[in-house]
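The values are calculated or read from the model by the stated rules, or taken from the named source; none is laboratory data. None of these values were measured; they are calculated from a predicted model. Cβ coordinates were reconstructed from backbone atoms using ideal geometry, including for glycine residues, and neighbour counts include every protein chain displayed. For the accessible areas, the whole protein counts, side chains as well, though only heavy atoms, and no ligand, DNA or RNA atoms are used. Shrake-Rupley method; radii C 1.70, N 1.55, O 1.52, S 1.80 Å.
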Amino acid sequence: MFESPLILVALAVGLFILLSIFFHFVPFFLWISAKVSGVRISLLQLVLMRIRNVPPNIIVPCLIEAHKAGLSTITRDNLEAHYMTGGHVQRVVHALVSASKANIDLSFEKATAIDLAGRDVFEAVQTSVNPKVIDTPPVAAVAKNGIQLIAKARVTVRANIHQLVGGAGEDTILARVGEGIVSSIGSAESHESVLENPDSISKLVLRKGLDAGTAYEILSIDIADIDVGKNIGATLQMDQANADKNIAQAKAEERRAMAVATEQEMKARAQEARAEVIQAEAEVPKALAQALREGKMGFMDYYKLENLKGDTAMREGISKMTAKDVKGLLHE
């Protein structure tokens, strides 16, 4: 009694599974959608896509979009080949449609090359149609009068489709613009002239052709803000003065040390000479005694020598007397 309902349920489940498998390998509804849209593709080709692990639900909508946009050069084989090489088929088709509507010369081969190079080709087309603004970080530079200026710029760029493969990115644009700002401010005679005419920075930077070899075309460079920073020239002069002072102090200390060393050496030499004199003076009485014993010197000679020594000592004493001492002697 219950066998017939169970059989019906089993048959229904089996039929559902078979239909699911069939519609998975044979995307009938996608084929209908393609036929209605005017895209020529057979069921066999869709089945072969499944066998090649290419999802028809990605390829067929892209073919329909390209056909509706009038891009007859895009074929199923091209889309399948790009998918199997790891590309983003939907982004490429969206980019080609956008480029076609904006009258931008972009071929399928160029778009796929840009996509395989790792860049978002659809975003590149959008940037080419609608330029974007890049804000630079604060750039510090010093004018010739030593005053530091801190500038911020806004760079309006447009994607260069033909330079996307192998062209430099936004970081290079920012680095070159920063270098141009530093060069422009550094060549100014004073910071007042830069503050009076900030557009001179933009004109000078734009003349340098900073977008060469990049994936973007610079449309304009606008100085958003300029702030006055430190007086770098005065700071450098103070540092130089302190360095010169330290050098002079070091040289003076070196000369003082050399003078002290020379003085000590002279004192040592004087002490040595004094010791030699004392030693020589000690030998004089011995020499006199020996001369008297040997008869080379008489008593009168010795007496004259003593008188000479006394006279010499008296003269030395007189030479050391002050004017006050002389007046005292005269009064006496």
Residue that is at pLDDT 85 or above, under 25 Å from Q45 (Cβ atoms) and surrounded by fewer than 17 Cβ atoms within 10 Å (Cβ to Cβ), where the choices are L79, L116, L63: L116
Among (1) touching a residue at least 40 places away in the same chain (Cβ under 8 Å); (2) over 30 Å from G178 (Cα atoms), the one test that A117 misses: (2)
Criterion violated by N53 - all others in (1) at pLDDT 85 or above; (2) among the polar types (S, T, N, Q); (3) open to solvent by 50 Å² or more (accessible area, probe 1.4 Å) satisfied: (1)
Considering residues of the stretch 148-162 that are at pLDDT 85 or above and among the aliphatic types (A, V, I, L, M) only, the residue most open to solvent (accessible area, probe 1.4 Å): I150
Residue within the stretch 166-180 that is loosely packed, with under 12 Cβ neighbours inside 10 Å, of a type in the set (D, E) and under 23 Å from the mean Cα position of the chain (by Cα) present: yes
Residue within the stretch 272-282 that is assigned to a helix (DSSP H, G or I) and over 22 Å from K309 (Cα atoms) present: yes
Subset of the stretch 46-65 [more than 12 Å from Y83 (Cα to Cα) and of a type outside the set (A, V, I, L, M)]: R50, N57, P61, E65
Qualifying residue in the stretch 212-220 (condition: touching a Pro at 6+ places or on another chain (Cβ under 7 Å) and either modelled with pLDDT of 85 or more or surrounded by fewer than 16 Cβ atoms within 10 Å (Cβ to Cβ) (or both)): yes
Residue match in the stretch 213-235 (condition: part of a loop (DSSP other than H, G, I, E, B) and closer than 17 Å to A159 by Cβ): yes
Exclusive hit being on the phi > 0 side of the Ramachandran plot and touching a residue at least 24 places away in the same chain (Cβ under 8 Å), set G209, G213, G233, G229: G213
Options V228, V260; residue that is open to solvent by 40 Å² or more (accessible area, probe 1.4 Å), among the β-branched types (V, I, T), over 27 Å from T127 (Cβ atoms) and touching a His at 6+ places or on another chain (Cβ under 8 Å): V228
